[in-house]
Amino acid sequence: MLEFFELLAREAAPAEFEQPLIAAREAGASPPELAELERAKLRALQVRAVLERRRRREEELSALYDTASDLAALRDLDAVLRAIVHRARTLLNADVSYMTLNDTARGDTYMRITDGSVAASFQSLRLAPGAGLGGLVALRGTPYVTANYAGDARFEHTSDIDRGVGDEGLVAILGVPLKLGAEVIGVLFAANRTERPFAREEVALLVSLAAHAAVAIDAARLLTETRTALTELSAANEAVERAAAAHDRLTTLVLRGGGVEDVAHDLVDVLDGTLLVFDATGRRLAAAGSLPSPPPAMLAEAIAASRAEGRSVRRGPLYVAAVVAGTDDLGALVFQPASPLSEADQRTLERAAQITALLLLFRHTVAEAEAQVRDELLDDLISHPDRDPAALRSRAARLNVDLDAPHVVVVADGTQITSWARTFAATRSGLAMTRDGRTTLLLPGTDPGQAARSVAKEAHRELGRPVTAGAAGPFSAGAASPSSASAAGPFSAGAASPVTASPFTANARGPVTAGAAGLIGEAAGPVAGAATVAAAHREAERCVRALVALGRTGTGASAAELGYVGLLLGDGQRHDVLGFVASTLGPVIEYDDKRGTALMHTLDAYFAAGGGLARAAEELHVHVNTVSQRLDRVTQLLGTGWQDPERSLDVRLALRLHRLSM
């Protein structure tokens, strides 16, 4: 019996437990003695088996403890998973162990870790959902074992999996699920290259290792998410600090009286980029850095989207923030950052848009208040010039308007240009207002006609539609005075109006016709002194009415250029100018239009020469007989008597009106 204890003590192999029986038979032991030895051997082998199971259990527990220690000190997920797979292979005495994980992005399963594998095709396998033994384990969430994979029909075989398993030479395979709660995230395998049954204890051991692997994967995920959250939190904290600094800078800027340009430069200092600021009409107000203007259609769409969403929007590399105040569109900020903006940085951009809205509102309010003051001053100059000239002069000086300097008055027949007229006048140290359906401007200068034409040109360029300006006052250099025009006849060379008809037709709102006047006392000329503005305004209004009566809406002329015709037509009465011209000279005009003749021009020269044929021929550079023949043709068209005093006055007036209406 002692021999069996010695065998147990040195953990001898099972075959060595036969040696005491063999020795007893050789020594001639009796059958009862041999039977007793046989029973002792069996008992010793049973004890040995119990000791072996305990040893194996200790190894398993030690392996599980080591795995738990690895998890507690988790730093590298790959290292932990490799250790688990290696322990599975060692404890189950398997030829190969491996682990597959689900790829949620691609919707399949891939080989994550292998231990003992020699085939590259096996190590790079990807499994479709439900394919192979691993697919069955993942689908059912329970362990599966096969003693012969190739011949097992319980699961779906695919050519890729069968080829990989064949290249590796695997026959017996055990697979257990990796579970996180009820979700299977992968499978842990142990496999042999020969047929082999896996005991229940081995299955339980592999399940325990799989549970540890699932915990390791989940812990690594949580650790990664925690690190990511900490990184994001740190970035968010930096962004919040930057936003707070930006808020402080913008607030300080407003308090010290900064403008939109200051907002633009402060913002790019904080966010690092380039910026454009636009007003509601799409005009650029400010820029910080070099950034080309975006396409108008894209900008309009982005502003509308920003306004609808109540925050900035991204369009390619650009961020667009609408500048709004209540229901009013005031413009937009267009920002191109050096790198994409974070949420906090976008909030900073939106706050800058709000600050810009406040500044624009403040600027608009100041402009409106100043415009109101200017309106009231000009209205008093026109309506109450004698109330208190000194007070009027003082009020004007506070608005940078010197009433003692020469000024001209321009009156525009329309109110659509009010806003533009205010700006135009203010930039020239003048005044503007709207009253009784007309816009009036008081502008510094000595040439009323030139001032009116300047208004027409600049207003047309700004508004995109024809605006006519007219002036009442002396002609510019080279033009005759009204008195000389009448003395020499209405068509003397110096009296012709230099203003030609506008090539533009009226828009849907109609053209704006304007007249200007300048007076010093009772003489035509520029305004000097508060008391002269009212008279100049009356003459400018007469000029506007005369232009409308002549059908020259959309064009312009001064009162001096219109001469006595302006006085006749500027009385506020309705005049059928075109009808009068047609009834008086219609046949002659039609004859010239059809044949390209110069009968009208000949009549001009004839009356300018005081009825002298020779002087008219000299003016026309033709023979006297030619003039006589042309006048005969006029007689045929108009009938005899057109040269009689009564009819000749109508003819001369019609000629003048025709020239002015061209």
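List of remarks:
- Only one entry in ASP329, ASP402, ASP386 is over 28 Å from SER290 (Cα atoms) and touching a strand residue (DSSP E or B) at 6+ places or on another chain (Cβ under 8 Å), namely ASP402.
- Residue match in region 417-425 (condition: of a type in the set (A, V, I, L, M), within 19 Å of ALA546 (Cα to Cα) and in contact (Cβ under 8 Å) with a residue 12 or more places away in the chain): no
- Of the residues making up region 17-36, just one is assigned to a loop (DSSP other than H, G, I, E, B) and surrounded by 10 or more Cβ atoms within 10 Å (Cβ to Cβ), namely ALA29.
- A count restricted to region 6-16 and to residues that are in a helix (DSSP H, G or I), hydrophobic (A, V, I, L, M, F, W, C) and without any contact (Cβ under 8 Å) to a residue 24 or more places away in the chain stands at 2.
- ARG659 vs. criteria assigned to a helix (DSSP H, G or I), without any contact (Cβ under 8 Å) to a residue 12 or more places away in the chain and surrounded by 16 or more Cβ atoms within 10 Å (Cβ to Cβ): no
- Look at (1) in a loop (DSSP other than H, G, I, E, B); (2) touching a residue at least 60 places away in the same chain (Cβ under 8 Å); (3) over 30 Å from ALA153 (Cβ atoms) and you find that ALA105 fails only one, number (2).
- Flag for ARG307 being over 16 Å from ILE355 (Cα atoms), among the basic types (Lys, Arg) and either touching a strand residue (DSSP E or B) at 6+ places or on another chain (Cβ under 7 Å) or not in a loop (DSSP other than H, G, I, E, B) (or both): no
- Residue list for region 186-202, filter: of a type outside the set (Gly, Ala, Ser) and modelled with pLDDT under 90: ARG196, PRO197, PHE198, ARG200, GLU201, GLU202
- Taken over region 383-429, residues that are out of contact with any helix residue (DSSP H, G or I) (no Cβ under 8 Å at 6 or more places or on another chain) and of a type outside the set (D, E, K, R) amount to 15.
- The condition of being within 18 Å of GLU539 (Cβ to Cβ), surrounded by fewer than 17 Cβ atoms within 10 Å (Cβ to Cβ) and polar (S, T, N, Q) holds for only one of SER419, SER383, SER394, that being SER383.
- The set of residues in region 430-469 that are of a type in the set (A, V, I, L, M) and not in a strand (DSSP E or B) comprises ALA451, ALA452, VAL455, ALA456, ALA459, LEU463, ALA469.
- A single entry from ALA229, ALA213 fulfils the requirement of being touching a residue at least 40 places away in the same chain (Cβ under 8 Å) and of a type in the set (Gly, Ala, Ser): ALA213.
- Subset of region 166-190 (residues that are touching a residue at least 24 places away in the same chain (Cβ under 8 Å), assigned to a loop (DSSP other than H, G, I, E, B) and more than 13 Å from LEU133 (Cα to Cα)): GLY169, ALA182
- Every test in (1) more than 42 Å from the chain's Cα centre (by Cα); (2) within 30 Å of VAL268 (Cα to Cα); (3) of a type outside the set (Val, Ile, Thr) is passed by LEU349 save one, and that test is (1).
- SER342 in the same structural domain as THR418 (by TED's automatic domain parsing) and of a type outside the set (Lys, Arg): no
- For beta carbons closer than 6 Å, sequence separation of 6+ or different chains, a first residue in region 118-144 that is assigned to a loop (DSSP other than H, G, I, E, B) and a second that is acidic (Asp, Glu), the qualifying pairs are ALA119/ASP167; ALA119/GLU168; ALA128/ASP108.
- Here LEU361 passes the criteria (1) loosely packed, with under 14 Cβ neighbours inside 10 Å; (2) assigned to a helix (DSSP H, G or I); (3) assigned by TED's automatic domain parsing to the domain that holds ASP262 except the one numbered (1).
- Test: ASP380 is under 30 Å from ARG438 (Cα atoms), part of a strand (DSSP E or B) and not hydrophobic (A, V, I, L, M, F, W, C): no
- Checked against (1) surrounded by 14 or more Cβ atoms within 10 Å (Cβ to Cβ); (2) touching a residue at least 60 places away in the same chain (Cβ under 8 Å), ASP375 passes all but condition (2).
- Some residue of region 394-402 being over 27 Å from VAL323 (Cβ atoms), part of a helix (DSSP H, G or I) and in contact (Cβ under 8 Å) with a residue 12 or more places away in the chain: yes
- Residue within region 211-223 that is touching a Lys or Arg at 6+ places or on another chain (Cβ under 6 Å) and either assigned to a helix (DSSP H, G or I) or within 14 Å of ASN93 (Cα to Cα) (or both) present: yes
- Residues that are in contact (Cβ under 8 Å) with a residue 24 or more places away in the chain and at positive phi within region 598-621 comprise GLY610, GLY611, listed in sequence order.
- Looking only at region 323-356, and only at residues there that are buried (at least 16 other Cβ atoms within 10 Å of the Cβ) and in contact with a Gly (Cβ under 8 Å, 6 or more places away or on another chain), the one that is modelled with the lowest pLDDT: THR356
- Taken over region 270-286, the residue count meeting the criterion of being under 19 Å from VAL324 (Cα atoms) and either of a type outside the set (Val, Ile, Thr) or surrounded by 19 or more Cβ atoms within 10 Å (Cβ to Cβ) (or both) is 11.
- In the set (1) modelled with pLDDT of 70 or more; (2) under 47 Å from the mean Cα position of the chain (by Cα), ALA471 fails one condition alone, (1).
- Test for ASP162: is it in a helix (DSSP H, G or I), farther than 21 Å from ALA120 by Cβ and without any contact (Cβ under 8 Å) to a residue 40 or more places away in the chain: no
- Conditions (1) surrounded by 14 or more Cβ atoms within 10 Å (Cβ to Cβ); (2) in the same structural domain as SER121 (by TED's automatic domain parsing): number failed by ASP162: (1)
The values are calculated or read from the model by the stated rules, or taken from the named source; none is laboratory data. It should be emphasised that the depicted structure is a prediction, and the values quoted were computed from it without experimental measurement. Because the Cβ atoms are built from the backbone with ideal geometry, glycine has one as well, and the counts that use them run over all protein chains shown.
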